[in-house]
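*Asks:* For reference, the structure I am asking about is given below.
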Amino acid sequence: MEKINSLAVVGAQWGDEGKGKVIDYLASRADVVARFQGGNNAGHTVVYGANIFKLHHVPSGIINAGTLCLLGNGMVVDPLVLVEELAELEKRGIDTSNLRISGKAHLNLIYHKDLDEENEKLLGEKKIGTTGRGIGPAYADKIMRRGIRAIEMIDLERFRERLAGILPLQNRILKEIYGHAGYDLGQLVELYRPAIEKLGPMVTDGSQVLFESLNAGKKVLFEGAQGALLDIDHGTYPYVTSSSTVAAAAATGNGVGPQHVRQSLGVIKSYTTRVGEGPFPTEDHFEAGEQLRERGNEFGTTTGRPRRCGWFDSVIARYAAMINGLTGLAVTKLDVLSGMDTVNIAVAYRCGEVEINNFPQSIEELKVCTPVYETFPGWDEDISRVRSLKDLPAAARHFLNAMEESVGVKIELVSVGPDRSQTIIGQDSILESWIGHNQ
Ligand code: GDP
Ligand code: IMO
Ligand code: MG
């Protein structure tokens with residue numbers, strides 16, 4: 001069996017697929033876990049025993065003592081939120097001394113959050129439904145070449161200088177366009193001082209760290225945030241996030257070569273959810289959607305918003321497989337489907353008179369698509385204690401086979417509950433070489 005040293009784990013739907021759970025499981029055998037995009041718009045949940053951790057910036061590998069965790073250059077980092085997150089982890093006995101921040105990551109500052117909120121207000125009914133964390137404006141400043149990078153945190157005076165250069169413009173935008181009071185330089189520097197003092201020593205050259213780790217044969221996990229359909233290029237634009245969420249971004253978002261992202265595991269729920277606005281063909285406004293939300297406890301990890309729910313959509317999953325080059329699937333929340341009389345998979349879309357199998361490029365086309373379902377028998381058994389595929393009810397196995405066939409990518413892992421232990425590795429799975437046998 002091929003030995004794998006690096007693996008990207010990415011969301012293959014609209015986020016919240018259970019990436020945190022899958023990464024935590026795989027991180028027990030990882031030397032490094034590196035995020036490569038997004039920021040604290042992410043909410044990744046890790047559960048083991050009575051412990052529940054909700055992580056926003058910090059990679060889900062942090063729970064494993066000894067695993068180096070890296071915030072890659074492709075991220076936007078909110079220093080105030082990150083120090084809070086670290087304090088919370090430390091309070092709960094988690095050693096955070098293994099966290100490193102790429103000096104090339106961009107800082108997501110207080111005015112980005114204001115701009116995010118104000119933009120959403122201005123959009124009114126056309127709002128994106130962002131997490132309100134300042135993500136879009138922080139990436140916009142990066143692309144406009146007026147961002148402040150994490151490297152500036154190594155010295156408070158450097159940070160002050162950079163901020164002094166940019167604040168007049170930010171204040172002008174805040175005041176003149178949005179009628180906001182703006183910020184005073186001295187007050188802002190004082191606001192950030194404690195965070196900068198804490199985070200400055202964690203700043204490093206992320207690419208160099210990864211280059212050396214990979215050359216030394218260490219095992220590296222790339223932790224995706226959000227999901228394929230929220231990707232800035234390939235998602236349901238403009239109802240997307242502001243970063244590249246696909247596996248290829250693990251290379252650019254960390255400064256490593258693409259050969260290190262040959263393996264990519266797409267995390268998918270056995271149904272579909274979305275939080276925020278935008279088209280969602282299999283959204284179910286009726287009983288099934290309600291049941292999935294209740295049983296799956298589908299409320300946002302970051303904002304607490306109820307997630308929109310519907311059946312598994314193989315059209316988007318095939319699309320996610322294509323744009324990521326997925327080499328395997330990790331199916332989560334199979335346990336949530338227990339007790340449903342029947343379960344559906346959308347195999348195609350009907351758009352007017354025609355049936356299409358491929359995901360349309362524009363949301364205008366997507367809006368008029370309705371799903372074409374194939375219906376399968378459900379199962380009643382509680383499967384949360386099952387630890388081997390062969391012990392699943394026949395109907396559940398049948399459903400998994402149908403998912404696999406409809407997406408055209410092998411299922412390598414199945415999750416039957418939020419806990420680390422509620423995980424099934426498929427027979428002949430490439431992940432066996434990652435985690436070792438009989439985990
Ligand atoms: P992420 O953003 O992709 O990491 O996903 P979230 O953590 O935002 O949301 C996934 C939710 O589902 C979390 O509350 C997890 O604890 C939970 N979860 C993950 N896998 C499973 C599973 O197989 N079964 C059940 N019932 N819950 C799961
Ligand atoms: P994880 O990593 C689900 C959604 C927001 C909104 C859109 C843009 O936990 O899967 P943003 O604040 O990024 O500008 O919001 O993207 N969104 C997510 N939805 N899971 C996430 O992260 C998300 N991060 C952003 O709801 O629709
Ligand atoms: Mg989440």
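*Asks:* Could you list, in sequence order, all residues of the range 340-388 that are more than 30 Å from residue 423 (Cα to Cα), touching a residue at least 24 places away in the same chain (Cβ under 8 Å) and of a type in the set (D, E, K, R)?
*Replies:* 367 - this is the single residue of the range 340-388 that is more than 30 Å from residue 423 (Cα to Cα), touching a residue at least 24 places away in the same chain (Cβ under 8 Å) and of a type in the set (D, E, K, R).
*Asks:* I would also like to ask the following. Step by step: first the residues of the range 285-307, then only those that are under 13 Å from residue 17 (Cα atoms) and outside any loop (DSSP other than H, G, I, E, B), then the one that is farthest from ligand 1 (Cβ to nearest atom). Which residue is that?
*Replies:* Ranking the candidates gives 299 first.
*Asks:* Look at residue 387 and say whether it is in the same structural domain as residue 258 (by TED's automatic domain parsing) and part of a loop (DSSP other than H, G, I, E, B).
*Replies:* So residue 387 passes the test.
*Asks:* Follow-up question, since we're still on this one. Being more than 27 Å from the chain's Cα centre (by Cα) and at pLDDT 95 or above, is that true of even one residue in the range 147-154?
*Replies:* yes
*Asks:* Quick check on the range 84-124: of everything there that is polar (S, T, N, Q) and surrounded by 22 or more Cβ atoms within 10 Å (Cβ to Cβ), which residue is nearest to residue 243 (Cα to Cα)?
*Replies:* Per the criteria, the residue is 108.
*Asks:* Filter the range 33-51 down to the residues that are over 17 Å from residue 255 (Cα atoms) and either free of Cβ contacts under 8 Å to residues at least 24 places away in the same chain or in contact with a Ser or Thr (Cβ under 6 Å, 6 or more places away or on another chain) (or both) and list them by number.
*Replies:* Result: 41, 43, 44, 45, 46, 50.
*Asks:* Let me ask something else. Any chance you could count how many residues in the range 295-321 are surrounded by fewer than 16 Cβ atoms within 10 Å (Cβ to Cβ) and at pLDDT 95 or above?
*Replies:* Total satisfying the criteria: 1.
*Asks:* Shifting gears a bit: What tally of residues in the range 47-72 results from selecting those that are within 17 Å of the chain's Cα centre (by Cα) and surrounded by 23 or more Cβ atoms within 10 Å (Cβ to Cβ)?
*Replies:* Residues meeting the conditions: 11.
The values are calculated or read from the model by the stated rules, or taken from the named source; none is laboratory data. This structure is a prediction, so every number in the text was calculated from the model and none was measured. Ideal geometry is used to build each Cβ from the backbone, glycine not excepted, and the neighbour counts take in all protein chains shown.
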